[in-house]
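The values are calculated or read from the model by the stated rules, or taken from the named source; none is laboratory data. As the structure is a computational prediction, the values presented were derived from the model and not from experiment. FYI the Cβ positions are ideal-geometry reconstructions off the backbone, even for glycines, and counts take in every protein chain you see.
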Amino acid sequence: MADRAPVVGPLDREARVFVAGHRGLVGSAIVRRLERAGFRSLVTRPRAELDLTDARAVDAFFAAEKPAYVFLAAAKVGGILANDRHPADFIRENLLLQTHVIDAAHRHGARKLLFLGSSCIYPKHAPQPMREEHLLTGPLEPTNSAYAIAKIAGIEMVKSYRRQHGFSGICLQPTNLYGPGDNFDLQSSHVLPALLRKFHEAKIARAPSVTMWGTGTPRREFLHVDDLADACLHAMERYDEADIVNVGVGEDLSIRELAELVREVVGYEGEIVLDTTKPDGTPRKLLDVSRLHALGWRAQIGLREGVAGTYRWFLEHP
Ligand code: GFB
């Protein structure tokens, strides 16, 4: 690999920046953050115009647009049940789209790319909190291993392009995300939007109880997507190394505690019933965020405040 100086420092606000997945939870938050920071040449394409799983289409897009910076926030994502039932879709779509975007960004001269993984890349029984070094030290959680392996392949690809081609790609690993623009479909969503919707509908219908999945004992950490978007810009401007970096808040709670919090925010007074035929997934997923703190970044949005804001968004977008 040719020696080169790390690509750090403020990104050029006039440069062309491609946000892949700009209509999703993460991509839309990154677009908001970049616009607020004064970026004036954001490049985005709806899926109907650019299918990222189509190698030729991605290549033609990069050849024409030549973005300088790439935020790769496009991914097929879903909650525990969607991952468990459609593993083929999760591995296929993610491998294809990330492979095409990373490769095209390198070949068409992008200065830097950010790839987003997930906290589910770590082993099911990794020590808690999970440090970046725990990657590939044990078996994965089976409900989402197809998604996790696609994300691990993306990380390895970014690292390999750095090693072989000197390509400036960085990888952040966000914990469970939530916020405005989330998916509230009860079959495919993550737990937080699902609970918001269930409690809201039960409140309106004056239903006596709400059913949540599993035992309620698994522990999860929740990061507001606007915090993640801020961390993405921060990392693009201050970090240029091969090592992955976790992005989280450093605190977790049980799903039962989360349900109580969401119930209070929504103002529902009925009971919570457990459906233990549904999977619990991994017992605990808490990220060690010391590497990120050492880079000078911390999450700002508290969980109660973030859930309240997300509930407002949900009410405004029926
Ligand atoms: O958020 P979630 O679907 O994903 O579920 P994971 C978290 C926990 O909440 C599980 C429980 O223990 C669920 O059983 N839960 C309770 C519910 N009620 C509900 C409900 O109504 N809906 C949902 N969805 N869950 C995903 C991975 O794992 O996390 C992805 O499958 C990705 O690959 C994502 O990594 C961040 O945290 O278990």
| request: Considering only the stretch 58-116, state which residues are within 16 Å of the ligand (Cβ to nearest atom) and either part of a loop (DSSP other than H, G, I, E, B) or of a type in the set (Phe, Trp, Tyr) (or both). | output: Ala73, Ala74, Ala75, Lys76, Val77, Gly78, Gly79, His86, Phe90, Phe115
| remark: Scanning the stretch 185-228 residue by residue, those near the ligand (Cβ under 9 Å from one of its atoms), closer than 15 Å to Val307 by Cα and of a type in the set (A, V, I, L, M) turn out to be Val191, Leu192, Ala194, Leu195
| Counting only residues that are of a type in the set (Val, Ile, Thr) and buried (at least 21 other Cβ atoms within 10 Å of the Cβ), which one in the stretch 50-76 is nearest to the chain's Cα centre (by Cα)? | Val70
| message | Go through the stretch 142-160 and report how many residues are crowded, with 19+ Cβ neighbours inside 10 Å and either in contact with a strand residue (DSSP E or B) (Cβ under 7 Å, 6 or more places away or on another chain) or within 15 Å of Leu97 (Cβ to Cβ) (or both). | response | 8
| said: Going by what's in this entry, would Val247 be described as surrounded by 15 or more Cβ atoms within 10 Å (Cβ to Cβ) and within 16 Å of the ligand (Cβ to nearest atom)? | reply: yes
| Taking the stretch 282-315, which residues are of a type in the set (D, E, K, R), in contact with a helix residue (DSSP H, G or I) (Cβ under 8 Å, 6 or more places away or on another chain) and farther than 19 Å from Asn246 by Cβ? | Arg304
| task | Tell me, yes or no, whether the stretch 44-66 has at least one residue that is among the hydrophobic types (A, V, I, L, M, F, W, C), over 23 Å from Ile121 (Cα atoms) and in contact with a strand residue (DSSP E or B) (Cβ under 6 Å, 6 or more places away or on another chain). | result | no
| request: Determine which single condition Asp84 fails, assuming it passes every other condition in (1) under 16 Å from Gly181 (Cβ atoms); (2) surrounded by fewer than 22 Cβ atoms within 10 Å (Cβ to Cβ). | output: (1)
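Hey, among the residues in the stretch 262-313 that are among the basic types (Lys, Arg) and away from the ligand (no atom under 14 Å from the Cβ), which one's surrounded by the most Cβ atoms within 10 Å (Cβ to Cβ)?
Restricting to residues being among the basic types (Lys, Arg) and away from the ligand (no atom under 14 Å from the Cβ), the top hit is Arg291.
Taking the options Arg4, Arg33, name whichever one is surrounded by 15 or more Cβ atoms within 10 Å (Cβ to Cβ), closer than 24 Å to His234 by Cα and of a type in the set (D, E, K, R).
Numbers: Arg4 fails: surrounded by 15 or more Cβ atoms within 10 Å (Cβ to Cβ).
Just one listed residue meets the conditions, Arg33.
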| message | Which count do you get for residues in the stretch 261-279 that are out of contact with any strand residue (DSSP E or B) (no Cβ under 8 Å at 6 or more places or on another chain), of a type outside the set (Ser, Thr, Tyr) and within 21 Å of Thr217 (Cβ to Cβ)? | response | 2
| query | Is there any pair with a first residue in the stretch 270-297 that is closer than 12 Å to Met130 by Cα and modelled with pLDDT of 95 or more and a second that is polar (S, T, N, Q) and part of a loop (DSSP other than H, G, I, E, B) whose Cβ atoms are under 6 Å apart and which are 6 or more apart or on different chains, and what are they? | reply | Arg284/Gln128; Leu286/Gln128; Leu287/Thr175
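Quick check on my filter: what residues within the stretch 117-131 are surrounded by fewer than 19 Cβ atoms within 10 Å (Cβ to Cβ) and outside any loop (DSSP other than H, G, I, E, B)? It would help to see each step written out before you state the result.
Looking only at the stretch 117-131, we keep the residues that are surrounded by fewer than 19 Cβ atoms within 10 Å (Cβ to Cβ), and these are 123, 125, 127-128, 131.
Result: no residue meets the conditions.
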| field | Residues satisfying the stated conditions in the stretch 165-182, i.e. more than 16 Å from the ligand (Cβ to nearest atom) and at positive phi | value | Gly166
